[in-house]
Amino acid sequence: MNTPVYPVRWHHNRVLLIDQNRLPNEYTHVEISRVEDMAQAISTMIVRGAPAIGVAAAYGMYLGAREISTTDRAEFLAQLHETGKMLRATRPTAVNLFWAIDRMEKTAASCAGSVAEIAEQLLVAAQKINAEDIETCQAIGAHGLAALPSSPDKLCLLTHCNAGALATAGYGTALGVVRSAWTEGRLARLYADETRPRLQGARLTSWECVQEGIPVTVIADSMAAHCMKQGLIDAVVVGADRIAANGDAANKIGTYNLAIVAKAHNIPFFVAAPLSTIDFSLSDGSLIPIEERHPAELYQIGETIVCPPGVEFYNPAFDVTPAHLIQAIITEFGAFAPAEIVNLQHR
Ligand code: MRU
């Protein structure tokens, strides 16, 4: 299928989500017309990836708005706020979710028209967030390409999780950099960590690469250090779910391990993310809320239980890579040393 992948799409008065829990075995869409179903789709990870859940939540706000029956403006705004609260409760780590809901609430509050006109403006705003995200990712891709090491001529990159088209409105952040490198003839191969426990690398990143003919090798997460020692990796590029003002970056669990082993092998480690992923209100990464998910993600693979009874589990979905392990944060405005991102606050 060499056509662009759009995980969240407004189509015939409803939202179409690619069902990411069924990939790569089935490419199907789920139709969402109610905000409750959107909240469920976000928490069950039918749609996932920081920018993608922001876009999904923006449409969710519109779906919620059109379910509100009052014509009283103040009452409408109060109910819309409750809709926002429901969506905010779905996943705690990716700040894009909160950023998009805030933006939708501001749109509603600043629209002086009738309730019907506010609802109309909310759809326009969600579509704008959707379209902007694709452009943002393309800019990240271009800036990332410029930030990559200049030699060798063709690079082998390593990524973790899926920060691709599926995780955004399209094109991807870390995978946007990979796509740009591929298009410009600078990519030899992408190594994709399988990304236990939910296997976003094995299932989703590799699927995206196969759609476009990008050479991809899936490795188990535990193989990264070995591959680096063998000289197989020239640079690491990952996405982020929330970046604190000092440049500490939360991303899929296992990213921190990768940053440490990259440092040990003197391999540059890049984080690619839009400005909407930077949480300037948090001074450092220790303040980033880390989602903990159901232990079944650890003890069950398909229908098979892989651990004996009586075992305890700990399943944090994200970790925080300290800024000092990051060579640059690649945004739509350029690539910056982690300490410099604070200057982007008023863009
Ligand atoms: O739990 P997920 O699959 O939503 O986690 C996704 C990631 O950690 C991505 O790397 C991150 O959201 C960046 S997506 C451009």
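The values are calculated or read from the model by the stated rules, or taken from the named source; none is laboratory data. Fair warning: this is a prediction, and the values are worked out from it, not measured in the lab. Positions of Cβ are backbone-derived with ideal geometry, glycine not excepted, and every protein chain shown enters the neighbour counts. Please note that ligands, DNA and RNA were not included when accessible areas were found on the heavy atoms of the full protein model with its side chains. Shrake-Rupley method; radii C 1.70, N 1.55, O 1.52, S 1.80 Å.
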Checklist entry - Can you find even one residue in the range 164-179 that is more than 16 Å from the ligand (Cβ to nearest atom) and either open to solvent by 10 Å² or more (accessible area, probe 1.4 Å) or in contact (Cβ under 8 Å) with a residue 40 or more places away in the chain (or both)? => result no
Item to check | Matching residues in the range 1-19 - criterion: being open to solvent by 80 Å² or more (accessible area, probe 1.4 Å) and closer than 23 Å to Val124 by Cβ | outcome: Pro4, Tyr6, Arg9, His12, Asn13
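Conditions (1) open to solvent by 20 Å² or more (accessible area, probe 1.4 Å); (2) under 26 Å from Ala202 (Cα atoms); (3) not in a helix (DSSP H, G or I), marked per residue:
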{"site": "Asn21", "(1), (2), (3)": "yes, yes, yes"}
{"site": "Asp37", "(1), (2), (3)": "yes, no, no"}
{"site": "Gln40", "(1), (2), (3)": "yes, yes, no"}
{"site": "Gly54", "(1), (2), (3)": "no, yes, no"}
{"site": "Gly60", "(1), (2), (3)": "no, no, no"}
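Counting only residues that are acidic (Asp, Glu) and free of Cβ contacts under 8 Å to residues at least 60 places away in the same chain, which one in the range 260-306 is farthest from Ile326 (Cα to Cα)?
The selected residue is Glu303.
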Next on the checklist: Suppose we filter Ile101, Ile129 for residues that are among the β-branched types (Val, Ile, Thr) and touching a residue at least 60 places away in the same chain (Cβ under 8 Å); which single one remains?
Outcome noted: Ile129
Checklist entry - Which of the residues belonging to the range 104-113 are touching a helix residue (DSSP H, G or I) at 6+ places or on another chain (Cβ under 8 Å) and either within 14 Å of Ala65 (Cα to Cα) or open to solvent by less than 20 Å² (accessible area, probe 1.4 Å) (or both)? => result Met104, Glu105, Thr107, Ala108, Ala109, Cys111
Checklist entry - Can you name the residue in the range 296-316 that is in a loop (DSSP other than H, G, I, E, B) and surrounded by 11 or more Cβ atoms within 10 Å (Cβ to Cβ) and, of all such residues, is nearest to the chain's Cα centre (by Cα)? => result Asn315
Checklist entry - In the set Leu199, Leu187, which member is without any contact (Cβ under 8 Å) to a residue 12 or more places away in the chain and either surrounded by 20 or more Cβ atoms within 10 Å (Cβ to Cβ) or under 16 Å from the mean Cα position of the chain (by Cα) (or both)? => result Leu199
Checklist entry - Restricting the range 84-129 to residues that are part of a loop (DSSP other than H, G, I, E, B) and at pLDDT 95 or above, which is farthest from the ligand (Cβ to nearest atom)? => result Ser114
Item to check | Sole residue being more than 15 Å from the ligand (Cβ to nearest atom) and open to solvent by less than 50 Å² (accessible area, probe 1.4 Å), chosen from Ala272, Ala259, Ala224 | outcome: Ala224
